[in-house]
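Quick notes on the structure that follows.
Coordinate-derived values only; no laboratory data. Please read all numbers here as calculations on a predicted model, not as lab measurements. Neighbour counts are summed over all protein chains in view; Cβ atoms, including those assigned to glycine, are modelled from backbone coordinates with ideal geometry.
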Amino acid sequence: MQKSALITGILGQDGPYLAELLLGKGYKVYGLMRRYSSPHYDNLNFLGIMDKIEFVEGDLTDESSLINIIKNVRPTEVYNLAAQSFVGSSWEQAKLTTEINALGVLSLLNTIKFNSPTSKFYQASTSEMFGLGNDGGYQDEKTSFHPRSPYGISKVYAYWMTVNFRESYGLFAANGILFNHESPLRGIQFVTRKITDGVARIKLGLTKSISLGNLDAKRDWGFAGDYVEAMYLMLQEKEPDDYVIGTGAYHSVKDVVDLAFKEIGVSDWKKYVVIDPRYKRPAEVPHLRARIDKAKNKLGWQPKVTFKELIKMMVKADLKRLQKK
């Protein structure tokens, strides 16, 4: 019997990569979409899978729409990748962030519990839940949470609700605590893509500078295409569990800038970068770095694309995209 998967956040970064992976494994893929007046399918078209996905209309904040979808589709697996995912915006939109990232997950879990309890559930958790929590400079499944933004707080709620439904109702529900993962499909609002797009524009003479915030913040950056494989592997296990996914190495925003400019032949990038206080957060997370022993040992997963390869890939993709325009 053909397996099926419902993916929320199908138009984002991870959704298309996950859909591509599942389609390659013979899945029927459904993509949940909110009603847009003019939706953007750029990321799906980038991977050439637009016409292979069946779209279903719904919203995490509307439980009745979720009930209709789950009843009709009864998916083998549900991957919840939808979120208000901009950390910076979560301070200005704390209520909206909570409604989507926290209460939306509760609605989806309730819907599965009552209407398709055999569906396996994946929740996209985040390293931002750790915040200031660390264990010798690393974070793993045992590290305590200390979120530093409304975004991180909303994700902690969703994490524990997922654990609660697993332990209380026997649902196959797993959390993937993914550290920062990027790609050519990354939204332009995120710092890595903002840098690679800006560098490409400078190379082509379309702009003269990039405005950034804290260049010293350090993150564990990997390739989104690698990370969706970990999501899939979590739902193939016999028992549900929670896993930290990352690379085990971290780099500063300054490192991203340096590599991106080197890709266009510029070594002295300081004259092109403007530090703008507007992009600094009220409460900063200084560094995040994953310890991924559990994922390596239990899932047999580890990242393939290096940090340098990732930034090079993104700069090349942005140059190509802008040259076409």
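Some observations on this one:
- Amide hydrogen neighbours beyond the local backbone of ALA173, cut-off 5 Å, H modeled: PHE121
- Contact order relative to length of the chain, as percent, for alpha carbon pairs under 8 angstrom and 6 or more apart: 17 percent
- Pairs of Lys in region 45-139 closer than 26 Å at Cα, counting only those 8 or more apart or on different chains: 5
- Selected from ILE112, ALA173, PHE190, residue furthest toward positive end of dipole (region 100-239; charges at beta carbon): PHE190
- Lys-Lys pairs in region 161-262 that are eight or more residues apart or on separate chains and whose Cα atoms lie under 21 Å of each other come to 12.
- Within a Gaussian network of the chain (alpha carbon springs, distance under 10 Å), most fluctuating of ILE311, ILE153, ILE49: ILE49
- FRET efficiency, GLU239 to ASP42 (Cβ-Cβ, R0 51 Å, nearest 0.05): 0.85
- Rounded tilt (10° steps) of 307-324 against the dominant C-alpha axis of the chain: 80 degrees
- Cβ-defined net charge surrounding ALA158, 14 Å radius [Lys, Arg +1; Asp, Glu -1]: -1
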